[in-house]
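Worksheet for the structure shown next.
The values are calculated or read from the model by the stated rules, or taken from the named source; none is laboratory data. Quantities reported herein were computed from a predicted structural model and do not represent experimental measurements. Cβ placement follows ideal geometry from the backbone for every residue including glycine, while neighbour counts extend to all protein chains displayed.
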Amino acid sequence: MNFIETKLKGCFIIEPKIINDERGYFMESFNEKTFQRGIGQEVHFVQDNQSFSSKGVLRGLHYQTGENAQAKLVRVIQGEVLDIAVDVRPNSETFGQHESIILSSENKTQFFIPRGFAHGFLVLSETATFFYKCDNFYNKESEGGIIFNDKTIDINWQFDVEKLIISEKDQFLPTLENSKKVW
């Protein structure tokens, strides 16, 4: 696996080693020792989640606060998404900045997002199956979120905003300035 740290300290793009032959392909999608060595820290995942969405579905930007904060290792099993991580760590040099990456079943790339980041994705293909590991259990009382079109973050979603499919809850998330603090 190839681990590439992004401009956001602690966020890594992970490119798997893929072995192709006439039967198809094989790849190791996760190995705890390799993963921890690659990101330079110990992270133990306790929960796996999977979602299926149609083209134009935007989920996010979500995070959990305090002792319930979550690190995530995300990937796409089928389809293609634009994946976004936003640094919401108040004392970070990159606070309010974001990283975007295309994740797809074709490139098999993964994205590690540590605690202290908001996360969201937009489905670019007709459908997509999104899979992610979390290092902490979901806790409703610790939910936080930021509206997808926050002007200070200025994410280019590469999609017609009028055609986005967004849950009612996500349509009314606060701006970064007014969001729940991570710590």
Which of the following residues is assigned to a strand (DSSP E or B), touching a residue at least 40 places away in the same chain (Cβ under 8 Å) and not polar (S, T, N, Q): Ile19, Ile13, Ile4? Ile13
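Residues checked against (1) over 30 Å from Glu177 (Cα atoms); (2) surrounded by fewer than 17 Cβ atoms within 10 Å (Cβ to Cβ); (3) not charged (D, E, K, R):
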site: Ile18; (1), (2), (3): yes, yes, yes
site: Glu22; (1), (2), (3): yes, yes, no
site: Val46; (1), (2), (3): yes, yes, yes
site: Phe52; (1), (2), (3): yes, yes, yes
site: Lys72; (1), (2), (3): no, no, no
Qualifying position, being within 17 Å of Arg115 (Cβ to Cβ) and modelled with pLDDT of 95 or more, among Phe52, Phe35: Phe35
Condition (residue is hydrophobic (A, V, I, L, M, F, W, C) and either outside any loop (DSSP other than H, G, I, E, B) or surrounded by 12 or more Cβ atoms within 10 Å (Cβ to Cβ) (or both)) applied to the range 169-177: is it met by at least one residue? yes
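Yes/no matrix, rows are residues, columns are (1) of a type in the set (A, V, I, L, M); (2) modelled with pLDDT of 95 or more; (3) assigned to a loop (DSSP other than H, G, I, E, B):
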| residue | (1), (2), (3) |
| --- | --- |
| Glu99 | no, yes, no |
| Leu103 | yes, yes, no |
| Asn107 | no, yes, yes |
| Phe112 | no, yes, no |
| Ala118 | yes, yes, no |
| Phe121 | no, yes, no |
| Ser125 | no, yes, yes |
| Phe131 | no, yes, no |
Check whether at least one residue in the range 38-56 is assigned to a strand (DSSP E or B), more than 17 Å from the chain's Cα centre (by Cα), more than 18 Å from Asp135 (Cα to Cα) and in contact (Cβ under 8 Å) with a residue 40 or more places away in the chain, and report yes or no. yes
For residues in the range 24-44 being closer than 28 Å to Phe137 by Cβ and of a type in the set (Gly, Ala, Ser), which is surrounded by the fewest Cβ atoms within 10 Å (Cβ to Cβ)? Gly40
